[in-house]
1. Listed highest first by mean packing, meaning other Cβ atoms within 10 Å per residue, what order do 129-142, 209-222, 188-201 come in?
2. Which value results for Rg/Rh of segment 241-284 when Rg is the Cα radius of gyration and Rh the Kirkwood radius based on the inverse mean 1/r?
3. At a Förster radius of 51 Å, what calculated FRET efficiency corresponds to the Cβ-Cβ distance of Arg24 and Asn131, to the nearest 0.05?
4. In deg cm²/dmol, rounded to 500, what helix-only [θ] at 222 nm does the chain give when every DSSP H run of at least 4 residues adds -39500 (n - 2.57) and the total is split over its residues?
5. Among DSSP bridges having both ends in the chain, what percentage is antiparallel? Round to the nearest 5.
6. Taking the highest mean first, how do the peptides 159-165, 39-45 order by number of other beta carbon atoms within 10 angstrom per residue?
7. Residue farthest toward the positive end of the dipole of segment 110-210, with Cβ of Lys/Arg at +1 and Asp/Glu at -1: which of Ala200, Val172, Gly160?
8. Quick one: 3J(HN,Hα) in Hz for segment 86-94, Karplus 6.51/-1.76/1.60 with θ = phi - 60°, rounded, Gly and Pro as x.
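No lab work stands behind these numbers, since they all come straight from the coordinates. These numbers come from a predicted model, not from an experiment. Counting neighbours? That spans all protein chains shown, and the Cβs are built from the backbone with ideal geometry, glycine included.
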Amino acid sequence: MIRRPIVTLLFLAAMFAPAAAQERVKVGTQRLIESGPLFLADARGYFKAEGIEVAMTAYATSQLVVEGLAGGGTDLALAEFTVTAFNLAAQGRIKAIAAQAREKREYEGNLIVASVPASERGLRKPENLTNTVVGVTNLGAPSHYQFGQIARHKGFDFAGLTVKQMQTLDGVVRAVRTGAIDAAIVPAIYARELMVSNQARLVGWYSDIDEQQVGGLFASAEMLKTRRPVAEKFIRAYRRGIADYASMLRLDRYKKRVTDEKSQAAAATIARYVYPGRTPAAAVPTVEVGAFYIEPQAVIDTADIERQIAWYKAQGLIDAGVNAAKVIDSTFK
């Protein structure tokens, strides 16, 4: 996990091939497992094969990732679909060109957890969230939307929730641990750590309630205007990374994740980027269990993006003129 605002990552691709033979592409990201296809494509030479030299910068939050992209600090970025991303896209400064993580039934993505005191008061099912205090990183983050969808599916008034902004995922986890909030929606790796240490209780998987396009690959307007062929090459390499990442998403006949030499090799590569300070023995199982589903061809769920935009408009967080067509460049195949 990143503990400084911006951390420069050193990548293997830059070590190979003469610089003159490579198109340099700056990519913004976070040290997250769902960015695994990017890391795999880098480590396994898929970008190099497309004639691309990748230079990556890791940011502390998804909001900083897209702001860095819109401001010209990077050419491409992997980030969540947030209010910030939607508004920047509507302004014509960035566009989503491929998919990243999504919530999908039968796959463990984000988990709903309750603080121990809240669980003991009866918060044990999603429908028990009514009139509770919940934590999100920021208004307009995916978990904010997810709480809204839980309210819709379970038939209670979202306005009855008290939503607290914690700025960072660390802050959300700390608030659950201390009982400062009643519940949160966090990635599986954080939820499991809380539950193993008996500092939170499981309420449910979000993917059992609804599916959602959580993240995407974004390009700056300048990249699309002046270097579109390079973006197309990048997506080809990125899709190869997704194919390798998929080794961690296989399910057996009991709907349990398959772990074997192939999945462990992919996890070990991703772990070098996400958890550089951990031993492989500690990091590899964490990566395997924390892998979000990613659509094999990186196709964005446009209908879900429209649903997200409509909900954020209803909350007064997105400009009235925003729509999926302004957010997504659907011409990339």
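1. On the way: 129-142: 20.5, 209-222: 23.2, 188-201: 17.4.
Going by the mean number of other Cβ atoms within 10 Å, highest first, we get 209-222, 129-142, 188-201.
2. Values: Rg = 11.1 Å, Rh = 11.0 Å.
Taking Rg over the Kirkwood Rh, I get 1.02.
3. Details: r = 53 Å, r/R0 = 1.03.
That gives a FRET efficiency of 0.45.
4. Numbers: 14 runs with 131 residues, N = 333.
The helix-only estimate for the chain comes to -11500 deg cm²/dmol at 222 nm.
5. Values: 27 of 43 bridges.
In the chain, DSSP labels about 65 percent of beta bridges as antiparallel.
6. Details: 159-165: 14.1, 39-45: 22.4.
Answer by packing, highest mean first, reads 39-45, 159-165.
7. Of the options given, the answer is Ala200.
8. Values per residue, Gly and Pro as x: 4, 5, 5, 5, 5, 7, x, 8, 9 Hz.
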